[in-house]
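For reference, the structure discussed in these notes is given below.
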Amino acid sequence: MSDSTETLSTSGAPAAPPPEPGLWTAVRQSVRGTHTHYDYTSGPLGRAILLLSVPMVLEMIMESVFAVVDVFFVARLGPEAVAAVGITESMLTLIYTLAIGLGIGATAMVARRVGEGDPEGAAHAAGQTLALGVIVSVVLGVLGVVFGPQLLKVMGASDAVVERGGGFTRVMLGGNMSVVMLFLLNAVFRGAGDAAIAMRVLWLANAINILLGPCLIFGVGPFPELGVAGAAVATTIGRGTGALYAFSRLVRPGGRIRLERRHLRLEPAVMARLVRLSSSATFQVFVGMASWVGLFRILSGFGSEAVAGYTIGIRIVLFALLPSWGMSNAAATLVGQSLGAGKPERAEAAVWRAGFYNMLFLGAVGLCFVVFADPIVGLFTHAAAGPEAHRYGVDCLRIVASGFLFYAYGMVITQSFNGAGDTWTPTVINLCVFWLWEIPLAAALAYGLDLGPRGVFLAITVSFSILAVVSAVVFRRGRWKTKAV
């Protein structure tokens, strides 16, 4: 089947296809969402990647701003406050694991159904995803409110960190439904190809967080001074508002899929497929996320300054990596929809093209981070954070950014496996690379070779580079093309 549709002229000869709009016209269309009914399974591949990736990259830029805004303001409260944010975020990664895992299943199912021309099936998959998300987030929220400070202690936080950040932990864990719903709703939109809506959702959520954050942290104007807990309140309100807006767009007519009340009733057949797909995806993400928890546990033995420096350095790294996830998500959507349309060759070509674009972007950003690490980290390590936190942050940023060229392809290929519904392959790769290699390597370098926190940073770079190489080798075998979703 051809990727383009031919038309006939009045003489019976094939007519020339209408000219494609220019680059900037396509960019404007992707941001505005005026290409709602564009068929991503046909036509020029570069244009399809552009239309999907631009809003997805902008969406992830907004998510990356979330990752640095809180630390930017909280750093003024001292290293204990920054450490509390970092340790709490390491625990939140387990919640992110569930949300992202379920979102991976939702994106794969929605994309496949859209590629098959089945919007009703896509809506059923979306409804079952949201129902599961509500149940999970309510249970975790109750546990987080009750045991927040105790969890900080389990993670190795000092008494000063627990006293300073206990409220932050309770609010963030208790309000996790805002995080879960935001992840799941945007996963549905990405799978459907409505990337511009997901982008606007993050814009709204992030704008509220930026405005409320300093007001609630420092007590600006009529707002109470909540300290580090204020950052959690602002983030929860921002994400909650974004989730409500996303849900309103999903039930509104005019999109690629529309959610109605009947789609929220539990359907065993759809639920079983979703759980099967998402369970391995959740474990896949859990393996990666839990490795960050393990790294935090190793770093906590070197004091609050090391944890604070690592928190700042990794937040800056995420600022670059999250936009790259936008390109990766675009590739996943193209893979799912192309396989649904019976075009596996187009799916594979999309992955390598997206990986190349991602490499160009991350390579440039990584070079800037290596060269300008000191002044970049200096934006976040104010006098209250201390010189030691600054030094650790610079080391973390330089060492981790040196592997960005590898990360670019690894991120795209991993998400493409997931978009195809082959969630088990990247799970096995993650398990071997992160648990059997990264954590033992970090401990050996940090303690065995007495490299301290720098050993942990080196382990991150080495492990993610290995992940990219292994993923590329396995992807070329092509077994992902035959996965049923």
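Before moving on, here are some points about what is shown:
- Compactness of segment 404-485 - radius of gyration and Dmax, Cα, Å: 14.6, 49
- Computed over neighbours whose Cβ is under 14 Å from that of Y409, the net charge equals +1, Lys and Arg +1, Asp and Glu -1.
- For the chain, a simple Cβ point-charge model (Lys and Arg +1, Asp and Glu -1, everything else neutral) yields a dipole of about 940 debye relative to the Cα centre.
- In the chain, helical runs assigned H by DSSP with n ≥ 4 each contribute -39500 (n - 2.57); averaged across all residues and rounded to the nearest 500, the mean residue ellipticity at 222 nm is -26000 deg cm²/dmol.
- Aspartates and glutamates with Cα under 12 Å of K343, excluding same-chain neighbours fewer than 8 positions away: D3, E116
- Simple rule: put +1 on each Lys or Arg Cβ and -1 on each Asp or Glu Cβ in the chain, find the dipole, and look at A75, L451, P149; the Cα lying farthest toward the positive end is P149.
- 3J(HN,Hα) along segment 471-477: 4, 5, 5, 5, 4, 5, 5 Hz, from the Karplus curve 6.51 cos²θ - 1.76 cosθ + 1.60 with θ = phi - 60°, whole Hz, x for Gly and Pro.
- Residue-by-residue Karplus 3J(HN,Hα) for segment 157-167, coefficients 6.51, -1.76, 1.60, Hz, glycine and proline x: 5, 6, 4, 5, 5, 5, 5, 6, x, x, x
- Segment 145-295 shape via C-alpha gyration tensor axes, a/c threshold 1.5: oblate
- Computed over the chain, the Cα gyration tensor eigenvalues convert (square root of 5λ each) into semi-axes of 38, 25, 21 Å, ordered from largest to smallest.
- Which of C396, C368, C432 has the fewest Cβ neighbours within 10 Å, and the rest in rising order: C368, C432, C396
- Karplus-derived 3J(HN,Hα), 6.51/-1.76/1.60, for each residue of segment 320-328, Hz, glycine and proline x: 8, 6, 5, x, 5, 5, x, 4, 5
- Computed over Cα pairs, the Kirkwood radius of segment 67-198 leads via Stokes-Einstein (1.567 mPa s, 4 °C) to a diffusion coefficient of 81 µm² per second.
- Mean-position separation - Cα centroids, segment 64-104 and segment 227-245, in angstrom: 13
- Surface/4 estimate of mean projected area, convex hull on alpha-carbon atoms of segment 248-324, nm²: 8.5
- Classified by the C-alpha gyration tensor, segment 43-144 has an oblate form. Its axis ratio a/c, with a ≥ b ≥ c, is 1.5 or above, and a/b does not exceed b/c.
- Electrostatic tally near S248: other residues with Cβ closer than 13 Å to its Cβ, Lys and Arg +1, Asp and Glu -1, net +4.
- Residues E116, E163 arranged by fewest to most Cβ contacts within 10 Å: E163, E116
- Segment 382-485, relative contact order in percent, only Cα pairs under 8 angstrom and at least six apart counted: 40
- Listed peptides 209-216, 319-326, 124-131, 255-262 appear in the order 124-131, 319-326, 209-216, 255-262 once ranked by packing, highest mean of other Cβ atoms within 10 Å at the front.
- Relative exposure of R164, R346, R477, judged by other C-beta atoms within 10 Å (fewest first): R477, R346, R164
Taken together, the values in this text are just the output of simple stated rules run on the coordinates, not laboratory data. As the structure is a prediction and not an experimental result, all values here were calculated from the model. Glycine also receives a Cβ, built like all others from the backbone with ideal geometry; neighbour counts cover every protein chain displayed.
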